[in-house]
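The values are calculated or read from the model by the stated rules, or taken from the named source; none is laboratory data. This is a predicted model, so every value here is computed, not measured. Reconstructed Cβ throughout: ideal geometry from the backbone, glycine too, with neighbour counts over all protein chains shown.
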Amino acid sequence: MVRKTAGMETVKTEELEKYSSAVTLSDMEIFVFPELIYSLVLANIMSPIIWRWRDEDCFRKLDGKSSYKKLMRLRQFIMDEYEFNLDLETWGLTNKTTELKRFEKVMSSDDIVRSNALFGYEGDKYYFDVDIRRHFGLDNYDGDIIPYWKTETVEAMDAFRLKPGYTKKAGECVSLSALYAAAAFVVCGVPLEDIYMVLTPLHSQNFIDIQDGILTNNRRLVTKAMWFNGTAGSNKAQRALRNENVTIVAHSSGYIHCLYEDATIDKSAYQYFVKRLRSYLSAGLDLAMFANFLRCNQNYQKYFQLCRDCHGHSRFLKAETLFRYEHGSSYRIADSTHEKLLAEVSDEDFVSYELPGRIRCDRLDEFLRKKRPDVRKPQGRAALKQVLEPVVPDARRLVDKLADFVHTEPGLPAAKKNYVTGKPIRISVEQTREEIIDYLQNLRQSNTTADLAFYAYRDMASCDWLPFVRATVERNPVSLELTKSMSIDEAYGWLKGLGDDSIYDGTRLALPDEVANYGTGDGLEKAFLLANVICHRHPDQPLNLAVDNSDVVLQGRQQYRFNSAKTLTKLFHISEDGTCSASG
């Protein structure tokens, strides 16, 4: 149901869709309005929750330590505190027709379908050969009905512990990437200029420009060494950048979008990011890297053997045998712990003769050190193929797969854009939370992302309320589903029986579906939930919602009264034709 609006306070009518989207933050809304993802990061930076993390003993102990060390501790903190939420229906269902209609003035339906996971996007063939749609549950949505794939603020993530079936805080991938970006800045002292958000149709990550680079991946961090270690976890972390095109790169200077001609990101910052990411995704070829390749391509291990000196005599070991020992050990093949791993191998697994039909890794090592073949180039691949093909059937395929292993070419938005320079967001890790909020407040007139951040933050003391009201009555299906068997009076009674604490502090407001999911809410938030129910059941019924500090009155055919601790004052009217207006 699309409601008309009147009596706009600060948000222009043509921008109402964008500003109301900053309140709900669905995957679709972020794709269409790329400013929103960084607005969420800023909302999290303003949140008192992440600033309290700095007082945790685990972070206090790292005072004076490097940002890298703090990031490694942050990884463990987030893994301990948060679950990865894969329940796509957490925030209810909508339909493709409605969503496409909402955005038809901004983006064509064809572009949305080609690039968005909920609208038929199927990405690289390999990606879907591994049944990734079933993994995410997207195969359940082949018709018109689709889930609201919403992104949560840190408050909503923390409140998951109140939701039935959850024992921890939780969030989906975009929520976790926004959380990581904010926490890297607030807790670890990483400048915002060094954090780049990387969104694909099915995933969201951050590239943090520290040392050789670090990628956030859901709850985990992936260093360059981890990216190339050939483990199952690393293979999963690679899926998005290996097999999907990047739709959005967001940065403190702005964003670049795969479909939009205008880019607000600083051009030199984007060029630098592209260079750094490509460096992160490329590695030289040595024996350790070859071993990493064999670790995740087990079918090739049978063509290799290791040679070890034992009291002046050579002894030989099947490569796959050593990899089996490695699986249960803290030591690794072909790194500094190699000898310790060999020491764990039973004498019975060594033989005194060179195994036929296998390449000796010491000789392969000598070739790689002397010739340094670059398998990204035809001559390098040909040289390595010549060494392998006497033993390895279809050596060309092995070399091609090895070339893909040591280098990933990311499908980034084309750099040839119309770069629209604006006022960048420049906040320092030395600033206090209060100083940052004041700075962002002063930046709102000249920076849309900063302005939208306060809507994502739900600061109703400094925002136009109409975007929030529009989001309330259009995009909160969970509360409707939960109350569908109740009469209006029964829904009112149910709300009165819920907890009275808001998940947001001060004058910030939860949406109806947050109240419904977490079973608690301030009286004003409960009044909005009931207004949502009445609007959908009786769309021709006018409603008034009067907010006078602690007293909240929702007036329709009957009057419903709530108590609020939000200290806000406002009067709303929804007329018979669906027009919404606000005053006060």
message: So the check is Cβ under 7 Å with 6+ separation or different chains; which pairs have a first residue in the range 94-114 that's without any contact (Cβ under 8 Å) to a residue 60 or more places away in the chain and a second one that's assigned to a helix (DSSP H, G or I) and among the β-branched types (V, I, T)?
response: L100/I112
- request: Of all residues in the range 142-171, count the ones that are more than 17 Å from I503 (Cβ to Cβ) and crowded, with 22+ Cβ neighbours inside 10 Å.
  value: 3
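Determine whether S234 is assigned by TED's automatic domain parsing to the domain that holds F77, among the polar types (S, T, N, Q) and within 26 Å of N447 (Cα to Cα).
On the way: assigned by TED's automatic domain parsing to the domain that holds F77: yes; among the polar types (S, T, N, Q): yes; within 26 Å of N447 (Cα to Cα): no.
No.
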- prompt: Being exposed (fewer than 14 other Cβ atoms within 10 Å of the Cβ) and in contact (Cβ under 8 Å) with a residue 40 or more places away in the chain, is that true of even one residue in the range 547-558?
  reply: yes
field: Of all residues in the range 179-229 being closer than 21 Å to L42 by Cβ and among the aromatic types (F, W, Y), the one that is surrounded by the most Cβ atoms within 10 Å (Cβ to Cβ)
entry: Y180
message: So for the range 481-493 (the condition being within 30 Å of R242 (Cα to Cα) and part of a loop (DSSP other than H, G, I, E, B)), does at least one residue qualify?
response: no
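Could you tell me which residue of the range 353-374 is surrounded by the most Cβ atoms within 10 Å (Cβ to Cβ), considering only residues that are of a type in the set (A, V, I, L, M) and touching a strand residue (DSSP E or B) at 6+ places or on another chain (Cβ under 8 Å)? Write out each step before concluding.
From the range 353-374, those of a type in the set (A, V, I, L, M) are 355, 359, 364, 368; that's our starting set.
Still in the running and touching a strand residue (DSSP E or B) at 6+ places or on another chain (Cβ under 8 Å): 355, 359, 364.
Details: L355: 16, I359: 18, L364: 16.
My answer is I359.
Output the number of residues of the range 144-199 satisfying the condition of being among the hydrophobic types (A, V, I, L, M, F, W, C) and part of a helix (DSSP H, G or I).
Of the range 144-199, the ones among the hydrophobic types (A, V, I, L, M, F, W, C) are 145-146, 149, 154, 156-157, 159-160, 162, 170, 173-174, 176, 178-179, 181-188, 190, 192, 195, 197-199.
Filter again for part of a helix (DSSP H, G or I), leaving 154, 156-157, 159-160, 162, 173-174, 176, 178-179, 181-186, 192.
Of the residues in the range 144-199, 18 are among the hydrophobic types (A, V, I, L, M, F, W, C) and part of a helix (DSSP H, G or I).
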query: Of all residues in the range 201-224, which are farther than 22 Å from K150 by Cα and not in a strand (DSSP E or B)?
result: D209, I210, Q211, D212, G213, K224
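Let me confirm something: among E14, E35, E89, which residue is without any contact (Cβ under 8 Å) to a residue 24 or more places away in the chain and closer than 24 Å to L511 by Cβ?
Working: E35 fails: without any contact (Cβ under 8 Å) to a residue 24 or more places away in the chain; E89 fails: without any contact (Cβ under 8 Å) to a residue 24 or more places away in the chain.
That would be E14, the only listed residue that is without any contact (Cβ under 8 Å) to a residue 24 or more places away in the chain and closer than 24 Å to L511 by Cβ.
So for the range 434-449 (the condition being in contact (Cβ under 8 Å) with a residue 40 or more places away in the chain, in a loop (DSSP other than H, G, I, E, B) and in contact with a Gly (Cβ under 7 Å, 6 or more places away or on another chain)), does at least one residue qualify?
Going residue by residue through the range 434-449, those that are in contact (Cβ under 8 Å) with a residue 40 or more places away in the chain are 436-437, 440, 448-449.
Still in the list and also in a loop (DSSP other than H, G, I, E, B): none.
The answer is no; no qualifying residue exists.
Considering only the range 225-338, give the helices (runs of 4 or more DSSP H) lying wholly within it that have at least 1 residues that are at pLDDT 95 or above, in contact with a Cys (Cβ under 9 Å, 6 or more places away or on another chain) and closer than 29 Å to A403 by Cβ. I'd like the intermediate steps shown before the answer.
Working: elements: 232-243, 267-280, 287-296, 319-327.
The qualifying helices (runs of 4 or more DSSP H) are 287-296, 319-327.
Here are some residues: D404, D400, D394. Which one is at pLDDT below 95 and either more than 28 Å from K275 (Cα to Cα) or not polar (S, T, N, Q) (or both)? Even if it seems obvious, please write down each step before you answer.
Numbers: D404 fails: at pLDDT below 95; D400 fails: at pLDDT below 95.
Result of the check over D404, D400, D394: D394.
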Residue under evaluation A232, criteria (1) touching a residue at least 60 places away in the same chain (Cβ under 8 Å); (2) farther than 25 Å from V345 by Cβ, criterion not met: (2)
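Restricting to the range 401-427, what's the tally of residues that are polar (S, T, N, Q) and under 23 Å from the mean Cα position of the chain (by Cα)?
First, pick out the residues of the range 401-427 that are polar (S, T, N, Q): 408, 418, 421.
Right, trim to under 23 Å from the mean Cα position of the chain (by Cα) and you get 408.
Counting residues in the range 401-427 that are polar (S, T, N, Q) and under 23 Å from the mean Cα position of the chain (by Cα) gives 1.
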- prompt: Can you find even one residue in the range 570-583 that is assigned to a loop (DSSP other than H, G, I, E, B) and either touching a Gly at 6+ places or on another chain (Cβ under 8 Å) or within 30 Å of K168 (Cα to Cα) (or both)?
  reply: no
